[in-house]
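Peer 1: Have a look at the structure that comes next, please.
The values are calculated or read from the model by the stated rules, or taken from the named source; none is laboratory data. What you see is a predicted model, and the numbers here were worked out from it, not measured in a lab. Glycine gets a Cβ as well: all are built from the backbone with ideal geometry, and neighbour counts include every protein chain shown. Accessible surface areas use protein heavy atoms only, side chains included; no ligands, DNA or RNA. Shrake-Rupley method; radii C 1.70, N 1.55, O 1.52, S 1.80 Å.
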Amino acid sequence: MTNTQSYPAWIDLHLHLDGSIPIETARKLAEEQGISAPTTREAFQREMSVMHDCKNLNDYLARFQLACSLLHVREAISECVHDLLTELHRQGLLYAEIRFAPQKSCMQGLTQREVTECALQAMHDSPIPCGLILSMMRGEVTHEANKETIEVAKTYFGKGVVAVDLAGSESLYPTHTFAEEFALVRAAGIPLIVHAGEAAGAESVREAVNGGAVRIGHGVRSLEDPSVVQLLADRKVMLELCPTSNLQTGIFPSYDAYPIRQLMDAGVRVCINTDNMTVSDTTLAKEWQYIIETAHLTKGEVRTILRDTIEATFAPEKIKEQLREAVL
Ligand SMILES: [Zn+2]
(Lines give C-alpha, C1' and ligand atoms only; values in the text may rest on other atoms or scores of the structure.)
Protein backbone atom coordinates (compact mmCIF):
# COMPACT_ATOMS: atom_id res chain seq x y z
CA MET A 1 0.00 0.00 0.00
CA THR A 2 1.23 3.47 -0.78
CA ASN A 3 -0.07 6.79 0.35
CA THR A 4 0.42 10.29 -0.95
CA GLN A 5 -1.07 12.27 1.95
CA SER A 6 0.90 15.06 3.62
CA TYR A 7 -0.43 13.97 7.02
CA PRO A 8 -0.59 10.43 8.45
CA ALA A 9 -4.38 10.33 8.27
CA TRP A 10 -4.77 6.62 7.75
CA ILE A 11 -6.82 5.15 10.59
CA ASP A 12 -9.96 6.54 12.24
CA LEU A 13 -11.21 4.62 15.27
CA HIS A 14 -13.79 7.11 16.58
CA LEU A 15 -16.25 8.05 13.88
CA HIS A 16 -20.04 8.30 14.36
CA LEU A 17 -22.17 7.41 11.36
CA ASP A 18 -24.93 9.92 12.09
CA GLY A 19 -22.41 12.76 12.47
CA SER A 20 -20.44 11.81 9.36
CA ILE A 21 -22.97 11.28 6.56
CA PRO A 22 -21.59 12.92 3.40
CA ILE A 23 -23.63 16.07 2.61
CA GLU A 24 -24.64 14.94 -0.89
CA THR A 25 -25.86 11.59 0.44
CA ALA A 26 -27.93 13.33 3.10
CA ARG A 27 -29.45 15.74 0.56
CA LYS A 28 -30.46 12.88 -1.72
CA LEU A 29 -31.97 10.86 1.13
CA ALA A 30 -33.86 13.85 2.56
CA GLU A 31 -35.45 14.43 -0.84
CA GLU A 32 -36.30 10.74 -1.31
CA GLN A 33 -37.85 10.49 2.15
CA GLY A 34 -39.77 13.78 1.84
CA ILE A 35 -38.02 15.26 4.88
CA SER A 36 -38.20 19.04 4.93
CA ALA A 37 -34.70 20.49 4.63
CA PRO A 38 -33.02 23.53 3.10
CA THR A 39 -32.81 23.33 -0.67
CA THR A 40 -29.44 24.95 -1.44
CA ARG A 41 -26.25 23.04 -0.65
CA GLU A 42 -24.93 25.87 1.52
CA ALA A 43 -28.07 26.09 3.64
CA PHE A 44 -28.23 22.30 3.89
CA GLN A 45 -24.65 22.17 5.13
CA ARG A 46 -25.39 24.86 7.73
CA GLU A 47 -28.20 22.61 8.99
CA MET A 48 -25.79 19.67 9.39
CA SER A 49 -22.47 21.29 10.35
CA VAL A 50 -21.52 23.63 13.19
CA MET A 51 -18.98 25.41 10.93
CA HIS A 52 -17.36 28.20 12.99
CA ASP A 53 -20.42 29.24 14.94
CA CYS A 54 -20.78 26.57 17.63
CA LYS A 55 -21.46 28.03 21.06
CA ASN A 56 -21.94 24.96 23.24
CA LEU A 57 -22.82 21.28 23.42
CA ASN A 58 -26.54 21.93 22.76
CA ASP A 59 -25.64 23.83 19.61
CA TYR A 60 -23.47 20.91 18.58
CA LEU A 61 -26.10 18.26 19.28
CA ALA A 62 -28.76 20.19 17.32
CA ARG A 63 -26.74 19.52 14.15
CA PHE A 64 -27.51 15.79 14.45
CA GLN A 65 -31.30 16.14 14.13
CA LEU A 66 -31.57 16.03 10.36
CA ALA A 67 -29.03 13.20 10.02
CA CYS A 68 -30.80 11.10 12.66
CA SER A 69 -34.16 11.55 10.93
CA LEU A 70 -32.70 9.93 7.79
CA LEU A 71 -31.52 6.70 9.43
CA HIS A 72 -34.78 4.81 10.02
CA VAL A 73 -35.06 3.17 6.59
CA ARG A 74 -33.11 0.09 5.48
CA GLU A 75 -31.81 1.48 2.19
CA ALA A 76 -30.82 4.78 3.79
CA ILE A 77 -28.75 3.10 6.50
CA SER A 78 -26.92 0.98 3.92
CA GLU A 79 -26.39 3.94 1.62
CA CYS A 80 -24.96 6.13 4.39
CA VAL A 81 -22.50 3.42 5.47
CA HIS A 82 -21.50 2.73 1.87
CA ASP A 83 -21.03 6.39 0.96
CA LEU A 84 -19.10 7.15 4.16
CA LEU A 85 -16.67 4.26 3.56
CA THR A 86 -16.27 5.37 -0.07
CA GLU A 87 -15.48 8.90 1.14
CA LEU A 88 -12.91 7.63 3.67
CA HIS A 89 -11.23 5.63 0.90
CA ARG A 90 -11.22 8.72 -1.33
CA GLN A 91 -9.49 10.65 1.48
CA GLY A 92 -6.77 7.99 1.64
CA LEU A 93 -7.75 6.16 4.85
CA LEU A 94 -6.59 2.56 5.08
CA TYR A 95 -8.82 1.35 7.92
CA ALA A 96 -11.78 2.65 9.94
CA GLU A 97 -14.09 1.63 12.75
CA ILE A 98 -17.51 3.24 12.35
CA ARG A 99 -19.96 3.39 15.24
CA PHE A 100 -23.65 4.04 15.62
CA ALA A 101 -26.48 3.32 18.05
CA PRO A 102 -28.96 0.93 16.44
CA GLN A 103 -31.59 1.84 19.07
CA LYS A 104 -31.77 5.36 17.55
CA SER A 105 -32.85 3.97 14.16
CA CYS A 106 -35.93 2.03 15.29
CA MET A 107 -38.58 4.81 15.09
CA GLN A 108 -40.20 3.46 11.92
CA GLY A 109 -40.51 -0.22 12.76
CA LEU A 110 -37.04 -1.65 12.19
CA THR A 111 -35.52 -3.72 15.01
CA GLN A 112 -31.97 -3.15 16.26
CA ARG A 113 -31.02 -6.44 14.61
CA GLU A 114 -32.39 -5.33 11.22
CA VAL A 115 -30.72 -1.93 11.50
CA THR A 116 -27.38 -3.57 12.28
CA GLU A 117 -27.77 -6.01 9.38
CA CYS A 118 -28.29 -3.08 6.97
CA ALA A 119 -25.02 -1.51 8.13
CA LEU A 120 -23.14 -4.81 7.94
CA GLN A 121 -24.42 -5.50 4.42
CA ALA A 122 -23.04 -2.18 3.23
CA MET A 123 -19.67 -3.00 4.81
CA HIS A 124 -19.32 -6.18 2.75
CA ASP A 125 -18.22 -4.32 -0.35
CA SER A 126 -16.29 -1.61 1.48
CA PRO A 127 -13.26 -0.30 -0.45
CA ILE A 128 -11.23 -0.37 2.80
CA PRO A 129 -11.15 -2.87 5.70
CA CYS A 130 -13.45 -1.70 8.46
CA GLY A 131 -15.24 -2.69 11.67
CA LEU A 132 -18.62 -1.78 13.16
CA ILE A 133 -18.95 -0.63 16.76
CA LEU A 134 -22.47 -0.76 18.24
CA SER A 135 -23.12 2.12 20.64
CA MET A 136 -25.37 1.81 23.67
CA MET A 137 -26.92 5.07 24.89
CA ARG A 138 -26.77 6.83 28.24
CA GLY A 139 -30.28 7.65 29.46
CA GLU A 140 -32.80 6.94 32.17
CA VAL A 141 -34.83 4.48 30.10
CA THR A 142 -32.20 3.07 27.76
CA HIS A 143 -31.16 0.04 29.80
CA GLU A 144 -33.48 -2.44 28.05
CA ALA A 145 -32.52 -1.12 24.61
CA ASN A 146 -28.85 -1.34 25.61
CA LYS A 147 -29.28 -4.99 26.56
CA GLU A 148 -30.81 -5.60 23.14
CA THR A 149 -27.80 -3.89 21.55
CA ILE A 150 -25.53 -6.29 23.45
CA GLU A 151 -27.56 -9.28 22.22
CA VAL A 152 -27.22 -8.08 18.61
CA ALA A 153 -23.48 -7.50 19.16
CA LYS A 154 -23.15 -11.09 20.44
CA THR A 155 -24.75 -12.42 17.24
CA TYR A 156 -22.50 -10.42 14.92
CA PHE A 157 -19.27 -10.25 16.93
CA GLY A 158 -16.53 -11.51 14.65
CA LYS A 159 -18.83 -11.04 11.63
CA GLY A 160 -18.33 -7.29 11.22
CA VAL A 161 -19.16 -6.09 14.73
CA VAL A 162 -15.92 -5.50 16.64
CA ALA A 163 -16.91 -3.79 19.90
CA VAL A 164 -19.67 -2.22 22.01
CA ASP A 165 -19.56 1.45 23.02
CA LEU A 166 -21.46 3.70 25.44
CA ALA A 167 -22.40 7.16 24.13
CA GLY A 168 -24.74 9.98 25.19
CA SER A 169 -24.86 12.59 27.93
CA GLU A 170 -22.05 11.89 30.42
CA SER A 171 -23.02 14.68 32.77
CA LEU A 172 -26.69 13.66 33.10
CA TYR A 173 -26.26 9.87 33.34
CA PRO A 174 -23.16 8.82 35.31
CA THR A 175 -20.94 6.03 34.04
CA HIS A 176 -21.36 3.77 37.09
CA THR A 177 -25.12 3.47 36.46
CA PHE A 178 -24.30 1.33 33.41
CA ALA A 179 -22.37 -1.29 35.39
CA GLU A 180 -24.87 -4.00 34.50
CA GLU A 181 -24.38 -3.38 30.78
CA PHE A 182 -20.58 -3.37 31.21
CA ALA A 183 -20.74 -6.76 32.98
CA LEU A 184 -22.81 -8.27 30.14
CA VAL A 185 -20.37 -6.98 27.49
CA ARG A 186 -17.42 -8.35 29.48
CA ALA A 187 -19.13 -11.73 29.96
CA ALA A 188 -19.67 -11.96 26.20
CA GLY A 189 -15.96 -11.38 25.58
CA ILE A 190 -16.68 -8.32 23.43
CA PRO A 191 -14.32 -5.31 23.72
CA LEU A 192 -15.91 -2.37 25.55
CA ILE A 193 -15.45 1.32 24.70
CA VAL A 194 -16.93 4.09 26.85
CA HIS A 195 -17.28 7.79 26.06
CA ALA A 196 -15.96 9.39 29.28
CA GLY A 197 -13.87 12.29 30.52
CA GLU A 198 -15.37 14.69 27.98
CA ALA A 199 -18.48 16.34 29.48
CA ALA A 200 -17.88 14.58 32.81
CA GLY A 201 -14.64 14.64 34.82
CA ALA A 202 -11.81 12.18 35.53
CA GLU A 203 -13.97 10.03 37.81
CA SER A 204 -16.08 8.95 34.81
CA VAL A 205 -12.90 7.63 33.17
CA ARG A 206 -11.95 5.67 36.30
CA GLU A 207 -15.44 4.12 36.39
CA ALA A 208 -15.20 3.21 32.70
CA VAL A 209 -11.78 1.56 33.08
CA ASN A 210 -12.89 -0.30 36.19
CA GLY A 211 -15.97 -1.38 34.21
CA GLY A 212 -13.67 -3.03 31.68
CA ALA A 213 -13.27 -0.38 28.95
CA VAL A 214 -10.20 -1.02 26.79
CA ARG A 215 -10.62 2.24 24.89
CA ILE A 216 -12.10 5.53 26.06
CA GLY A 217 -13.88 7.98 23.77
CA HIS A 218 -12.13 11.33 24.43
CA GLY A 219 -11.01 10.87 28.06
CA VAL A 220 -9.15 14.18 27.94
CA ARG A 221 -10.41 15.30 31.35
CA SER A 222 -8.49 12.41 32.94
CA LEU A 223 -5.81 15.05 33.42
CA GLU A 224 -7.88 16.53 36.25
CA ASP A 225 -6.79 13.57 38.43
CA PRO A 226 -3.19 12.26 38.27
CA SER A 227 -4.25 8.88 39.67
CA VAL A 228 -6.61 8.38 36.72
CA VAL A 229 -3.83 9.29 34.28
CA GLN A 230 -1.63 6.70 36.01
CA LEU A 231 -4.43 4.11 35.78
CA LEU A 232 -4.71 4.69 32.00
CA ALA A 233 -0.96 4.35 31.55
CA ASP A 234 -0.72 1.22 33.73
CA ARG A 235 -3.63 -0.55 32.01
CA LYS A 236 -2.51 0.60 28.52
CA VAL A 237 -5.98 2.00 27.83
CA MET A 238 -6.24 3.90 24.54
CA LEU A 239 -7.76 7.39 24.54
CA GLU A 240 -9.58 8.14 21.27
CA LEU A 241 -8.89 11.86 20.89
CA CYS A 242 -11.10 14.06 18.68
CA PRO A 243 -9.64 17.58 18.96
CA THR A 244 -12.00 19.73 16.84
CA SER A 245 -15.09 18.19 18.41
CA ASN A 246 -13.77 19.06 21.90
CA LEU A 247 -13.08 22.64 20.84
CA GLN A 248 -16.55 23.03 19.37
CA THR A 249 -18.25 21.77 22.53
CA GLY A 250 -16.19 24.21 24.59
CA ILE A 251 -13.92 21.82 26.51
CA PHE A 252 -10.78 23.58 25.28
CA PRO A 253 -10.49 27.14 23.97
CA SER A 254 -7.98 26.41 21.19
CA TYR A 255 -5.84 23.73 19.54
CA ASP A 256 -2.87 25.16 21.45
CA ALA A 257 -4.62 24.25 24.69
CA TYR A 258 -5.34 20.68 23.55
CA PRO A 259 -3.44 18.44 26.02
CA ILE A 260 -2.13 15.68 23.77
CA ARG A 261 1.46 16.30 24.85
CA GLN A 262 0.64 16.10 28.57
CA LEU A 263 -1.12 12.79 27.98
CA MET A 264 1.72 11.35 25.90
CA ASP A 265 4.36 12.54 28.38
CA ALA A 266 2.43 10.74 31.13
CA GLY A 267 2.65 7.50 29.15
CA VAL A 268 -1.00 7.41 28.04
CA ARG A 269 -1.73 5.91 24.63
CA VAL A 270 -3.61 8.20 22.27
CA CYS A 271 -4.99 8.12 18.73
CA ILE A 272 -6.33 10.94 16.53
CA ASN A 273 -9.88 10.80 15.18
CA THR A 274 -12.67 12.94 13.71
CA ASP A 275 -15.70 12.04 15.90
CA ASN A 276 -18.19 13.58 13.44
CA MET A 277 -16.80 14.56 10.06
CA THR A 278 -19.94 16.31 8.85
CA VAL A 279 -21.15 17.90 12.08
CA SER A 280 -17.65 19.13 12.94
CA ASP A 281 -16.89 19.97 9.28
CA THR A 282 -13.54 18.22 9.48
CA THR A 283 -11.44 15.39 8.04
CA LEU A 284 -8.85 13.11 9.60
CA ALA A 285 -6.09 14.91 7.66
CA LYS A 286 -7.20 18.24 9.17
CA GLU A 287 -7.20 16.78 12.70
CA TRP A 288 -3.64 15.51 12.23
CA GLN A 289 -2.55 18.82 10.75
CA TYR A 290 -3.92 20.80 13.73
CA ILE A 291 -2.28 18.45 16.22
CA ILE A 292 1.11 18.16 14.50
CA GLU A 293 1.34 21.94 14.04
CA THR A 294 0.18 23.03 17.48
CA ALA A 295 1.75 20.28 19.61
CA HIS A 296 4.89 20.23 17.40
CA LEU A 297 4.94 16.44 17.32
CA THR A 298 8.22 14.90 16.18
CA LYS A 299 8.41 12.13 13.58
CA GLY A 300 9.12 9.70 16.40
CA GLU A 301 6.04 10.78 18.32
CA VAL A 302 3.85 10.46 15.23
CA ARG A 303 5.23 6.97 14.72
CA THR A 304 4.44 6.07 18.34
CA ILE A 305 0.84 7.24 17.91
CA LEU A 306 0.46 5.25 14.68
CA ARG A 307 1.96 2.11 16.24
CA ASP A 308 -0.34 2.36 19.27
CA THR A 309 -3.33 3.09 17.01
CA ILE A 310 -2.76 -0.09 15.00
CA GLU A 311 -2.43 -2.15 18.19
CA ALA A 312 -5.67 -0.64 19.52
CA THR A 313 -7.73 -1.49 16.42
CA PHE A 314 -10.04 -4.46 16.65
CA ALA A 315 -8.84 -5.65 13.24
CA PRO A 316 -7.70 -9.23 12.58
CA GLU A 317 -3.93 -9.76 12.88
CA LYS A 318 -3.62 -10.01 9.08
CA ILE A 319 -5.04 -6.49 8.63
CA LYS A 320 -2.86 -5.16 11.48
CA GLU A 321 0.19 -6.54 9.71
CA GLN A 322 -0.82 -4.82 6.47
CA LEU A 323 -1.29 -1.56 8.34
CA ARG A 324 2.13 -1.84 10.03
CA GLU A 325 3.77 -2.42 6.65
CA ALA A 326 1.93 0.53 5.12
CA VAL A 327 2.43 3.20 7.75
CA LEU A 328 5.36 2.37 10.07
ZN1 LIG B 1 -17.94 10.22 20.04
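Peer 1: For the range 206-212, just list the computed ³J(HN,Hα) in residue order, Karplus coefficients 6.51, -1.76 and 1.60, θ = phi - 60°, integers in Hz, with x standing in for Gly and Pro.
Peer 2: Rounded to whole hertz, the list is 4, 5, 5, 5, 5, x, x.
Peer 1: I need the per residue convex hull volume for the range 15-147, using only the alpha carbons, in cubic angstrom as a whole number.
Peer 2: On the way: hull volume 16.0 nm³, N = 133.
Convex hull volume per residue, Cα atoms: 121 Å³.
Peer 1: When the Cα centres of the range 210-224 and the range 84-117 are compared, how far apart do they sit, in Å?
Peer 2: A separation of 24 Å, based on Cα centres.
Peer 1: Also, I was wondering about something else. Return one whole number: the accessible area per residue of the chain in Å², for a 1.4 Å probe. Don't skip to the end; give the middle numbers.
Peer 2: Numbers: 13750 Å² over 328 residues.
Accessible area per residue: 42 Å².
Peer 1: Could you work out [θ]222 nm for the chain from helices alone, using -39500 (n - 2.57) per DSSP H run of at least four and dividing by all its residues? Round to the nearest 500 deg cm²/dmol.
Peer 2: Details: 15 runs with 151 residues, N = 328.
After summing the helix terms and dividing by the residues of the chain, the value is -13500 deg cm²/dmol.
Peer 1: Another question, if that's okay. What is the distance in Å between the Cα centroid of the range 25-66 and that of the range 239-272?
Peer 2: Here the two parts' Cα centres lie 26 Å apart.
Peer 1: With only alpha-carbon atoms counted, please give the Rg and Dmax of the chain, in Å.
Peer 2: Expressed in Å, the Cα Rg and Dmax of the chain come to 18.4, 52.
Peer 1: Separate question: Which residues' amide hydrogens lie under 5 Å from the amide hydrogen of residue 135, considering only partners 5 or more residues apart or on another chain, with H built in the peptide plane?
Peer 2: 100, 101, 165
Peer 1: About the Cα centre of the chain, what is the dipole size in debye to 20, counting +1 per Lys and Arg Cβ and -1 per Asp and Glu Cβ, all else neutral? If you can, show how the numbers build up before the last one.
Peer 2: Details: 30 positive and 44 negative charges, 112 e Å.
That gives a dipole near 540 debye.
Peer 1: Measure off 7 Å from each Cα along the Cα-to-Cβ vector at residue 311 and residue 144, then give the distance between these two points in nanometres to one decimal.
Peer 2: The two pseudo-label positions are separated by 4.3 nm.
Peer 1: Turning to a different aspect of this structure: Counting Lys and Arg as +1 and Asp and Glu as -1, what is the net charge of the other residues whose Cβ lies under 12 Å from the Cβ of residue 97? Could the numbers behind the result be given before it?
Peer 2: On the way: positive: 99, 215; negative: 12, 165, 240.
Neighbourhood net charge equals -1.
Peer 1: Trypsin sites (Lys or Arg not before Pro), restricted to the range 220-317: which are DSSP loop and have at most 14 other Cβ atoms within 10 Å? Walk me through the numbers before you get to the answer.
Peer 2: Details: sites: 221, 235, 236, 261, 269, 286, 299, 303, 307; in loops: 236.
When the trypsin sites (Lys or Arg not before Pro) of the range 220-317 are filtered for loop state and at most 14 Cβ neighbours within 10 Å, 236 remain.
Peer 1: Right, another one. Hey, got a sec? Which trypsin sites (Lys or Arg not before Pro) in the range 117-218 land in a DSSP loop and have at most 14 other Cβ atoms within 10 Å?
Peer 2: On the way: sites: 138, 147, 154, 159, 186, 206, 215; in loops: 138, 159.
Filter output for the range 117-218: 159.
Peer 1: Leaving out ligands, DNA and RNA, and with a 1.4 Å probe, what % of the accessible surface on the range 11-327 is carbon or sulfur?
Peer 2: On the way: 6690 of 12980 Å².
Exposed carbon and sulfur together represent 52 percent of the surface.
Peer 1: Sticking with this structure for a sec: Step through the table entries 55/159; 28/104; 236/286; 236/318; 28/55, compare each Cα-Cα distance with 32 Å, and write down the pairs that go over it. Mind dumping the intermediate values first?
Peer 2: On the way: 55/159 40 Å; 28/104 21 Å; 236/286 27 Å; 236/318 22 Å; 28/55 29 Å.
Beyond 32 Å between Cα atoms: 55/159.
Peer 1: Quick check: net charge around residue 306, other residues with Cβ under 13 Å of its Cβ, Lys/Arg +1 and Asp/Glu -1? Mind dumping the intermediate values first?
Peer 2: Details: positive: 269, 299, 303, 307, 320, 324; negative: 12, 301, 308, 311, 325.
In short, +1.
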